Amino acid sequence: MKSNTKILSGIIALLLFSCTEDLMINETKSVAIPTTTENTQKPSRTVSYKFWDFENLDEWEDASQNMNGQINYSLDNGNLYLYTRPYTIDRPKVKSMTTYSTGTYTWRVFVPEMGVGDRASIGAFLYNDDTHELDFEIGYGSQNERIAINAAPDDLLAYMTSQANPFQSNVIKIKRGQWYTLSMELTLNSKSKYFAKWKIDGSTVSSLQLNYGTKEKFKIFCSVENLNFIGDHTPYSLNYALFDFVKYQGN
C-alpha cells in the first residue's frame, strides 16, 4: 500500500512539474518582442537647438539683393563679416536654409560707428514673407529721428519692427562701436498666435502680440543693407557688421 502511495505521489509531482513548466513557457511566449522593422523606426523630432559660430557657412545660403553677382561677405576669424560699398544700393545678406517657429533667436553682433547720415542698416531678422517679418535694424538714422529721440553724437538708432500683422516699429538709442546680443523670443498665446519679444543684452526693449501663428515659419537672416529709411543720404562710406554667432533655442 505504501509502495503504491509512493508511486502515486511521484506521478502527481511529475504532472505538477510539467504543468508549471508549460505555464512558464506560455508566459515567456506572451512577451512582445519588437521586430527589426519596429526597432529601426524613430519618431520625427523637431529641431530644438542650433548654434552657428561662423567657422563656415554650412546651413546658410546667399540672400543678397542689388549686388549683380558681387559677394559682400566673408568669414573672418570666426565672424561673419558683411559690408556695403559707398554710393551704392548694396544689400548683402545670408539666410538659414531651414525654417523655425517658436523659440528664442539670438545674434551676437558688433555694431561699428557707421557713417554719419548714411542710409545703411545692420539687420538681424526673421522672414517668412513681406507681411510676416520681424526685425532688428540698426543704423545712424535720419536727423529728424535723432532729434526726436535726443540722440547723442555717439548714439545709433535700433529699430524693433514687425512689418505687418500688425505693423509696429519702436526705436531706442544704443552706443556705437560695441558688441550686442540681440534676441527675439516667440511664444504662443491661448489662441496659438505668436507673442514676440525683442531683447538687447537680455533686457526687453519691445513686444507685440501678432495675429498669426506657427503656420508661418521663419528663416533667420544676417544683413547689412543700404536702405532709404534709416538715414539722410546715399552712404558716403563703407559700412559693415560682424556676426560672432547665431543661436536658436526651441521652446
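What to note about this one:
- Complete set of residues in segment 237-251 that are closer than 17 Å to residue 48 by Cα and acidic (Asp, Glu): none
- Residue in segment 210-233 that is outside any loop (DSSP other than H, G, I, E, B) and free of Cβ contacts under 8 Å to residues at least 40 places away in the same chain present: no
- All conditions in (1) open to solvent by 30 Å² or more (accessible area, probe 1.4 Å); (2) closer than 21 Å to residue 243 by Cα; (3) not hydrophobic (A, V, I, L, M, F, W, C) hold for residue 140, with the sole exception of (1).
- In segment 103-122, the residues that are farther than 29 Å from residue 147 by Cα and either open to solvent by 30 Å² or more (accessible area, probe 1.4 Å) or among the aromatic types (Phe, Trp, Tyr) (or both): 104, 105
- Members of segment 215-236 found to be open to solvent by 50 Å² or more (accessible area, probe 1.4 Å) and closer than 30 Å to residue 53 by Cβ, listed by number: 217
- Residue match in segment 120-128 (condition: among the small types (Gly, Ala, Ser), assigned to a strand (DSSP E or B) and out of contact with any strand residue (DSSP E or B) (no Cβ under 9 Å at 6 or more places or on another chain)): no
- From the options 92, 166, residue that is crowded, with 16+ Cβ neighbours inside 10 Å and touching a strand residue (DSSP E or B) at 6+ places or on another chain (Cβ under 9 Å): 92
- Segment 71-93 - residue that is farther than 11 Å from residue 224 by Cβ and part of a strand (DSSP E or B) and, of those, nearest to the chain's Cα centre (by Cα): 79
- Taking each residue of segment 48-73 that is farther than 23 Å from residue 120 by Cβ and looking for partners that are open to solvent by 70 Å² or more (accessible area, probe 1.4 Å) and not hydrophobic (A, V, I, L, M, F, W, C) with beta-carbon atoms closer than 6 Å, six or more apart or interchain, yields 49/249.
The values are calculated or read from the model by the stated rules, or taken from the named source; none is laboratory data. Computed from a prediction, not measured in an experiment: that's the story for all the values here. When we count neighbours, we look across all protein chains shown, and the Cβ atoms used for this are built from the backbone with ideal geometry, even at glycine. Keep in mind that these areas ignore ligands, DNA and RNA; they rest on the heavy atoms of the full protein, side chains included. Shrake-Rupley method; radii C 1.70, N 1.55, O 1.52, S 1.80 Å.
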